[in-house]
Every structure is written in C-alpha cells, then in structure tokens.
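*Asks:* Structure provided below as structure tokens; questions to follow.
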Amino acid sequence: MIYVVGIGLDGASGLSESVLNVIAGATILVGSDRHLSYFPEHLAGRLILGDLTEIIVSIRQQLTRWEIEKKQSTNNYIVILVSGDPLFFGLGRLLIAEFPPEQLTFYPHISSIQLAFNRIKIPWQDARILSVHGRSMETLIQALQQGAEKIAILTDNLYNPSAIAQLIKSLDLPSRYQFWVCENLGGKDERVQQWEIESLKNPEFSSLNIVILLRESGLGIEPLDLSKIPTFGIPDQLFFSYSDRPGLMTKREVRTLILGELALQPKQTIWDIGAGTGSVSIEIARLFPDSTVYSIEKTAAGTTLIEQNRQRFQVNNLVSIHGEAPEILHHLRSPNRIFIGGSGSNLSEILGICSIRLSPGGVIVLALATIEHLNTALNWLDQRKRIERSWSYRILNVQLSRSVPVANLTRFSPLNPVTLLTISHHSLFA
C-alpha cells in the first residue's frame, strides 16, 4: 500500500492521531527535506522527493522487491508526505496515473487556499482557483478579462506576486482588484498582507505564497480629473461597467476605429444603439461638445451605467434613452451618424428604420461579433441596394492583441475579434 499524507507548515503537530499512527508504521518515508525533517527520529527508510520520474521508479522497484520477497503485508508500506491536499494541484494526480487506485490511500490536510480565504475572512465557494506554478498565465488572463469576482493563484518563483501585479496593470481592466499575498500559511512566520498593485514592484516574498484577488464593487461616483484623461481613447478601466460582466464593453482600441469609421463632424446628431455602458457615446460627446449623442439601451442596468458614466466624464450633450430599438427610434431627432453596438434579434428591423431616418450623406457603423449578424446585415444591404443604389459599404475585420508581461518576457494577449461594417448613404440628388 501507498499512503499519501498531506501536511502543513505546522508539521506533525497539525496531524491527527490516526494519521500519525499511519506515518509511525511506515517502512519507507518519501518527502521533501522539509517534510522529512518533521520526523527526525523515524526509523523508516527515506526517499527525497525530487525528480518525480525517479521517485516513481524507486517506489515501483520497492513494491516489486517486497512482492518477490513475499514480504508484502500490512507491516510493509510506503508513506508519501506532501503539502496540503495531495489531490488539489498536488502529487496525487500523478500517483493515480501511475498506480492502481486501490493501492492508494489519501489523507488530505487543509489546503493553502482554504487557509488563505479564512485568514482574510472571505467565503470562497465561488472562487476561481488557478495555478501558474510551472504553467502559463493564459487562464489567469482569461479570468481577469472576464472579471472573475474572486481569484486564488498558486504561484512559483517565475510567476510570483510582482509578475502577477505587472500583468494586471498591463491589461487595462475595467475592474479593480484587491491584491492579497499570503505567505507561509500555517507556519510560525505566516504573513497575510494586502498590497497596492501600482506600488508592488519587487518586494521579497517567501517562495511558499499564494495570491488572492478580490474584485472591488465600484469606482466611486466622484467626477474624474478630466485634465488627466486623454481627449481621445479613454482607458477601459475608467468606465463604470457591469458588475457581473465587466469585460462587456467596446474596448479602447476598437472604439478608436469606430470613431474613425463614423467620420464625425461638429454639430451632428448621433445615435448609439445598444450602447451598453455608453463608452462609445462618451468618446463622441467629449470630442464634439456641440453635437448631440443619443445613447440608447434597452436594459435598466445599462441605462444606469450610461448615466453614471455621463456624470463621471461630465458630458452634458449625451442623452441617455431607456428603450428598445427599433420602436424607440421613431421618437428621436433624425441622425447624421449611427453606431449599432447591440441589436439582439432585431438587426434587420433596426437597419430598416435607420435607413429611413438617416440624413442624406449619413453613415451607419455596426460592430458585429458573429458571422450570423454580419450575414443578416449584408442580406439587408443587398435587398436595399436593389431598391436604392445610393447605398455602399465596406467591411473591416479587426483582430487585435495587447502586449502583456509574462515574468521578464512579453507576449500578446488577443482581444475578441470584431467586424466593423460601415454603410454610407449618398443621395443621388445631393
């Protein structure tokens, strides 16, 4: 038999009497130098847990030797000492792959994740638990871009707390996170501390640490210091966004392309249909204070965010409209420019009303995330051009990546691809 025993930094004192009895009867102890040091007087043979392939071979040889010698019994067995829960990002996964399950018995200890959340007094049943120990940071990047509420990260010497902080700063996230570093959990030199991400550069941390990220609920409704905000291309993180879907926003780089495709001019009327958080509307309203921007959103949550962002960026020429297109569009002033960021299942109907209400020489820009919506728009255009040849269009497929630091290197992290369809109306009688 092979017994796999989880152990914490408190050593033997943190184990139950029954587990201590299992360890006491071991013929061979396997573990790191630290784990073996907790049992200095144990008379069993010892194997240092280093190269995993060599350890597996050594265990197999020992089991075979006992079987050949006909001495395999309950008096001869191996105990492997590991940290925490062996089946939680631990050695247990490899052992199950290498040995029959009936040959293995597990005695888990409290994991570092359990200890960390209990130390900072936060329920963790809904936490996203990730490991970058010997792995890439791709899953962490996805969790951050999706705005996961609670993230626990098992680190290593390369992807350490400082590297994780640098990654978060580079992503220009719409969410902000509390950043906790929990070191030597359960040991005498345990330290649990919250850090400011902006100031966390290269402090010394114990190699035994995990990082806990807790998404903050909001930015505060106070106005921004607009003198420090770019006139064009506002960082995503400055906008209020959906608490459960903070990544649901037209990204900064895509916004700049949309504004270029709209070919905006002063003193125009602009419709932003399916405005979401209002990020595109805010950009337009700031650039053209003498224009009127109608920011149209069917959800109450979105309308609230638009109003909060309007106040935050102090734009008074933006009018937030709570209503569903196309019905609500009949009540608005005719536009010179239209941006459609969200349409649901009503895209053809929305385009029909927009084509009627759009001023001569106007432009419609659509940001489309799916092939089906692009196909719907192109079919509508084909039918429209049969009736009125003054419509033209062009398509821009946008696939962008942002650079992100990965320890001391840099890689590209892709944004979701977007297709921009720009439709122009040129009156034959202009």
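*Asks:* For the stretch 315-364, give me the residue count where each residue is assigned to a strand (DSSP E or B) and either in contact with a Lys or Arg (Cβ under 7 Å, 6 or more places away or on another chain) or touching a residue at least 40 places away in the same chain (Cβ under 8 Å) (or both). Show your work before the answer.
*Replies:* Restricting attention to the stretch 315-364, the residues satisfying the condition of being assigned to a strand (DSSP E or B) are 318-322, 337-340, 363-364.
Subset that is either in contact with a Lys or Arg (Cβ under 7 Å, 6 or more places away or on another chain) or touching a residue at least 40 places away in the same chain (Cβ under 8 Å) (or both): 318, 320, 337-340, 363-364.
Going through the stretch 315-364 one residue at a time, the tally reaches 8.
*Asks:* Follow-up question, since we're still on this one. Kindly provide the set of residues from the stretch 356-371 that are within 17 Å of residue 261 (Cα to Cα) and touching a helix residue (DSSP H, G or I) at 6+ places or on another chain (Cβ under 7 Å), ordered by number.
*Replies:* Passing the criteria: 363, 364, 365, 366, 367, 368.
*Asks:* From 112, 131, 136, grab the single residue that is open to solvent by less than 30 Å² (accessible area, probe 1.4 Å) and under 27 Å from the mean Cα position of the chain (by Cα). Full working, then the answer.
*Replies:* Values: 112 fails: open to solvent by less than 30 Å² (accessible area, probe 1.4 Å); 136 fails: open to solvent by less than 30 Å² (accessible area, probe 1.4 Å).
Step by step, each of 112, 131, 136 is checked, and only 131 is open to solvent by less than 30 Å² (accessible area, probe 1.4 Å) and under 27 Å from the mean Cα position of the chain (by Cα).
*Asks:* Now for a separate question. Is one or more of the residues making up the stretch 294-301 closer than 18 Å to residue 258 by Cβ, modelled with pLDDT of 95 or more and either open to solvent by 20 Å² or more (accessible area, probe 1.4 Å) or in a loop (DSSP other than H, G, I, E, B) (or both)?
*Replies:* Yes, that holds for at least one residue.
*Asks:* Somewhere in the stretch 72-80, is a residue among the hydrophobic types (A, V, I, L, M, F, W, C) and touching a Pro at 6+ places or on another chain (Cβ under 9 Å)? Before the answer, list the steps.
*Replies:* Our first condition is that a residue be among the hydrophobic types (A, V, I, L, M, F, W, C); within the stretch 72-80, this holds for 78-80.
Next, from what is left, pick out any that are touching a Pro at 6+ places or on another chain (Cβ under 9 Å): 80.
Yes, the stretch 72-80 contains at least one residue that is among the hydrophobic types (A, V, I, L, M, F, W, C) and touching a Pro at 6+ places or on another chain (Cβ under 9 Å).
*Asks:* Right, next: Go through the stretch 140-179 residue by residue and tally those that are within 15 Å of the chain's Cα centre (by Cα) and either more than 17 Å from residue 236 (Cα to Cα) or outside any loop (DSSP other than H, G, I, E, B) (or both).
*Replies:* First, the residues of the stretch 140-179 that are within 15 Å of the chain's Cα centre (by Cα): 140-153, 164-179.
Restricting the remaining residues to those that are either more than 17 Å from residue 236 (Cα to Cα) or outside any loop (DSSP other than H, G, I, E, B) (or both) gives 140-145, 149-153, 164-170, 177-179.
Going through the stretch 140-179 one residue at a time, the tally reaches 21.
*Asks:* What are the pairs with Cβ atoms under 9 angstrom where one residue, in the stretch 203-228, is of a type in the set (Asp, Glu) and the other, located anywhere, is open to solvent by 30 Å² or more (accessible area, probe 1.4 Å) and modelled with pLDDT of 90 or more? Sequence gap at least six, or different chains.
*Replies:* Listed by first residue and then by second, the contacts come to 216/178.
*Asks:* While we're here: Could you list all residues from the stretch 225-241 that are part of a loop (DSSP other than H, G, I, E, B), open to solvent by 30 Å² or more (accessible area, probe 1.4 Å) and at pLDDT below 85?
*Replies:* 225
*Asks:* May I ask you to list the residues in the stretch 365-374 that are surrounded by fewer than 12 Cβ atoms within 10 Å (Cβ to Cβ) and either farther than 30 Å from residue 136 by Cβ or of a type outside the set (Val, Ile, Thr) (or both)? Full working, then the answer.
*Replies:* At the first step, the residues of the stretch 365-374 found to be surrounded by fewer than 12 Cβ atoms within 10 Å (Cβ to Cβ) are 370-372.
Answer for the stretch 365-374, where residues must be surrounded by fewer than 12 Cβ atoms within 10 Å (Cβ to Cβ) and either farther than 30 Å from residue 136 by Cβ or of a type outside the set (Val, Ile, Thr) (or both): just 372.
*Asks:* Inspect all residues belonging to the stretch 184-203 and state whether any of them is in a helix (DSSP H, G or I), under 22 Å from residue 408 (Cβ atoms) and small (Gly, Ala, Ser).
*Replies:* Within the stretch 184-203, the subset in a helix (DSSP H, G or I) is 197-199.
Within this subset, residues satisfying the condition of being under 22 Å from residue 408 (Cβ atoms) are 197-199.
Subset that is small (Gly, Ala, Ser): 199.
Scanning the stretch 184-203 turns up at least one residue that is in a helix (DSSP H, G or I), under 22 Å from residue 408 (Cβ atoms) and small (Gly, Ala, Ser).
*Asks:* Another one. If you take the residues of the stretch 406-422 that are farther than 20 Å from residue 260 by Cα and touching a strand residue (DSSP E or B) at 6+ places or on another chain (Cβ under 8 Å), which of them is surrounded by the most Cβ atoms within 10 Å (Cβ to Cβ)? Walk me through how you get there before you give the answer.
*Replies:* Residues of the stretch 406-422 that are farther than 20 Å from residue 260 by Cα, as a first pass: 406-414.
Filter once more, keeping what is touching a strand residue (DSSP E or B) at 6+ places or on another chain (Cβ under 8 Å): 410-414.
Values: 410: 10, 411: 14, 412: 9, 413: 19, 414: 10.
Per the criteria, the residue is 413.
*Asks:* A further question follows. Surrounded by fewer than 16 Cβ atoms within 10 Å (Cβ to Cβ) and either free of Cβ contacts under 8 Å to residues at least 12 places away in the same chain or not polar (S, T, N, Q) (or both): is that true of residue 148 in this structure?
*Replies:* Working: surrounded by fewer than 16 Cβ atoms within 10 Å (Cβ to Cβ): no; either free of Cβ contacts under 8 Å to residues at least 12 places away in the same chain or not polar (S, T, N, Q) (or both): yes.
Against the criterion (surrounded by fewer than 16 Cβ atoms within 10 Å (Cβ to Cβ) and either free of Cβ contacts under 8 Å to residues at least 12 places away in the same chain or not polar (S, T, N, Q) (or both)), residue 148 does not qualify.
*Asks:* Among the residues of the stretch 158-169, are any in contact with a Ser or Thr (Cβ under 8 Å, 6 or more places away or on another chain), within 22 Å of residue 9 (Cα to Cα) and modelled with pLDDT of 90 or more?
*Replies:* So far as the stretch 158-169 goes, yes, one or more of its residues are in contact with a Ser or Thr (Cβ under 8 Å, 6 or more places away or on another chain), within 22 Å of residue 9 (Cα to Cα) and modelled with pLDDT of 90 or more.
*Asks:* Could you look through the stretch 252-283, keep only residues that are over 24 Å from the mean Cα position of the chain (by Cα), part of a helix (DSSP H, G or I) and without any contact (Cβ under 8 Å) to a residue 40 or more places away in the chain, and pick out the one that is farthest from residue 342 (Cα to Cα)?
*Replies:* Applying the filter and picking the extreme gives 260.
*Asks:* Go through the stretch 1-45 and count every residue that is within 39 Å of the chain's Cα centre (by Cα), among the aliphatic types (A, V, I, L, M) and open to solvent by 60 Å² or more (accessible area, probe 1.4 Å).
*Replies:* Selection size over the stretch 1-45: 0.
*Asks:* Name the residue that is farthest from the chain's Cα centre (by Cα), counting only residues in the stretch 315-372 that are charged (D, E, K, R) and more than 20 Å from residue 390 (Cβ to Cβ).
*Replies:* As a first pass, look at the stretch 315-372 and keep what is charged (D, E, K, R): 324, 327, 333, 337, 349, 357, 372.
Next, only the ones that are more than 20 Å from residue 390 (Cβ to Cβ) stay: 324, 327, 333, 349, 372.
Working: 324: 30, 327: 36, 333: 40, 349: 35, 372: 26 Å.
Taking the candidates together, the pick is 333.
*Asks:* If we keep just the residues of the stretch 375-402 that are part of a strand (DSSP E or B) and open to solvent by 60 Å² or more (accessible area, probe 1.4 Å), which is farthest from residue 169 (Cα to Cα)?
*Replies:* Step by step, filter the stretch 375-402, then rank; the result is 393.
The values are calculated or read from the model by the stated rules, or taken from the named source; none is laboratory data. Source: prediction; values computed, not measured. Every residue, glycine among them, receives a Cβ derived from its backbone with ideal geometry; neighbour counts consider all protein chains shown. The protein model used for the area step is the full one, side chains on, heavy atoms only, and it has no ligands, DNA or RNA in it. Shrake-Rupley method; radii C 1.70, N 1.55, O 1.52, S 1.80 Å.
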